[in-house]
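The values are calculated or read from the model by the stated rules, or taken from the named source; none is laboratory data. Remember, predicted model here, so these are calculated numbers, not experimental data. All Cβ positions, glycine included, derive from the backbone under ideal geometry; neighbour counts span all protein chains shown.
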Amino acid sequence: MQHDSISIPFPEPRTDLFFAMDWAEFLTHNDRRLDDRLVIADRLALSDRVLDQWVRSRPHLLIDGGEAVKEWDRLGALLSDIVRYHPKRHTRLVAIGGGSVGDALGFAAGIFWRGLSLWQIPSTPLAWIDSSHGGKTGINFAGAKNQLGIYWMPEATVLLQNWNWSDPLWNDLKAELFKMALLDRPLFDQIAAYPNLASVDRTTIFQWMRLAVMKKLSLVATDPFEIKRLRFQLNLGHTLGHILEKRCSLSHGTAISYGLHFILEVSARWFGDPALSRLRTLYASFRPLAKLAEVPSWETIEPLLAHDKKRGPDGLVWVCLKTPGESALVSHQELSPYLREVYDGSFRDSFDGSC
Ligand SMILES: NC(=O)c1ccc[n+]([C@@H]2O[C@H](COP(=O)([O-])OP(=O)(O)OC[C@H]3O[C@@H](n4cnc5c(N)ncnc54)[C@H](O)[C@@H]3O)[C@@H](O)[C@H]2O)c1
């Protein structure tokens, strides 16, 4: 009997990305795209008067954002709210909020009727630069981050610039922005050449954020579903970061800051290049880090790595940095002695605090 095999080409998912100063400017050009929508918004995200009025004048739901939205029970509540709205097949969900609302609603949109169209309007800098595009969705489960999720590309993401963000929200951005700079040489060169990173003006930060978004999406386009492992590099700093985020109840940005510090030091040892370790100092001038209230022991951390989804044939892989603009995947097995040495040594020394 003859065995045939054919490849079926499926269309690539596509997201329209809109950059606009504010919601009024966006509406001027795109009002007609906004029919039949159910808006679900973080109640803290409606500081823009025009956006607030737009939301309140159509079917909407205001919710409390934050990591608790990404719990199983809250997902059930979100899905029930969608059912109560009596959606039609072409109904679009609009998520207005930070990464927590975007991740949870993205998951809900992707599984409801095997997929409702989704728009993302990120309302935190971190969501703006990272979580509102690229199609990753998810909720936390069994005590670990992002254990349940699907890839569900938003139909559109609207990146507005008039958010009135507080300093802590801006600070939370810096780890993801610096991570993208470590993966993108032109962006890195701009940041490294900036005269005073401690006081960058917001116009410059928005320019960097835009470059970071373009770099991220160019990487996503090469490997949207992480099959080729090219997209893994976006996980730089996240392997330890995600564990600290959950274990020490840190914000995502703070946790990734620690994760970046750690992996830069590990990379310096692995590649034998002390210049990588000095990048920590560059980052610290952008975002100084306070001591961690508690540094869990390596024995506590290591079993939690079992939840990490970045795996190759030999198990867990870490994204290390070779040089700004170039990363490399290294297996946990190979890296293991360096991980423990750095964690129990310079990492703990820098970040040990009193409980
Ligand atoms: N899907 C992805 O690709 C991806 C990428 C990175 C991070 N994430 C996820 O994103 C989440 C973190 O996102 P985040 O940092 O935006 O956190 P968040 O959504 O928890 O928001 C942080 C806080 O800011 C509030 N908030 C939201 N908008 C605001 C506004 N305009 N003004 C004032 N306060 C506002 C929220 O209510 C919350 O209390 C994590 O769960 C992380 O896992 C996902």
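Values computed for the structure shown
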quantity	calculated
Tally of residues being at pLDDT 80 or above and farther than 23 Å from L105 by Cα across region 1-19	5
Search result, residues across region 110-165 that are charged (D, E, K, R), within 8 Å of the ligand (Cβ to nearest atom) and touching a residue at least 60 places away in the same chain (Cβ under 8 Å)	D130, K145
Breaking point among (1) in a strand (DSSP E or B); (2) surrounded by fewer than 22 Cβ atoms within 10 Å (Cβ to Cβ), for L282	(1)
Single unsatisfied condition, L169 versus (1) outside any helix (DSSP H, G or I); (2) within 11 Å of the ligand (Cβ to nearest atom); (3) surrounded by 16 or more Cβ atoms within 10 Å (Cβ to Cβ)	(1)
Filter result (surrounded by 10 or more Cβ atoms within 10 Å (Cβ to Cβ) and either farther than 20 Å from A95 by Cβ or of a type in the set (S, T, N, Q) (or both)) within region 1-23	T15, M21
Filter result for V101 (more than 26 Å from L211 (Cα to Cα), buried (at least 24 other Cβ atoms within 10 Å of the Cβ), within 11 Å of the ligand (Cβ to nearest atom) and not hydroxyl-bearing (S, T, Y))	no
Subset of region 25-59 [within 16 Å of the ligand (Cβ to nearest atom) and small (G, A, S)]	A41, A45, S47
The lone exception for D64 - which of (1) near the ligand (Cβ under 9 Å from one of its atoms); (2) surrounded by 14 or more Cβ atoms within 10 Å (Cβ to Cβ) it fails	(2)
Selection from region 109-159 of residues that are surrounded by fewer than 17 Cβ atoms within 10 Å (Cβ to Cβ) and on the phi > 0 side of the Ramachandran plot	W113, R114, G115, A142, G143
Any hit, region 242-254, residues being in contact (Cβ under 8 Å) with a residue 40 or more places away in the chain, within 12 Å of the ligand (Cβ to nearest atom), under 20 Å from R185 (Cβ atoms) and of a type in the set (D, E, K, R)	no
3 or more residues assigned by TED's automatic domain parsing to the domain that holds K145 and over 28 Å from T222 (Cα atoms): qualifying strands (runs of 3 or more DSSP E) within region 1-110	37-42, 60-63
Subset of region 111-137 that is in contact with a helix residue (DSSP H, G or I) (Cβ under 7 Å, 6 or more places away or on another chain) and assigned to a helix (DSSP H, G or I) - its residue that is farthest from L169 (Cα to Cα)	F112
Enumeration of residues in region 289-304 that are surrounded by fewer than 17 Cβ atoms within 10 Å (Cβ to Cβ) and at pLDDT 90 or above	P296, S297, W298, E299, T300, E302, P303
Qualifying positions in region 82-95 - surrounded by 14 or more Cβ atoms within 10 Å (Cβ to Cβ) and more than 16 Å from the ligand (Cβ to nearest atom)	I82, Y85, P87, T91, R92
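So that you can scan it fast, the table gives a plain yes or no per residue for (1) touching a strand residue (DSSP E or B) at 6+ places or on another chain (Cβ under 7 Å); (2) on the phi > 0 side of the Ramachandran plot; (3) buried (at least 19 other Cβ atoms within 10 Å of the Cβ); (4) not acidic (D, E):
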position: A175; (1), (2), (3), (4): no, no, yes, yes
position: L182; (1), (2), (3), (4): yes, no, yes, yes
position: D189; (1), (2), (3), (4): no, no, no, no
position: N196; (1), (2), (3), (4): no, no, no, yes
position: T204; (1), (2), (3), (4): no, no, no, yes
position: F232; (1), (2), (3), (4): yes, no, yes, yes
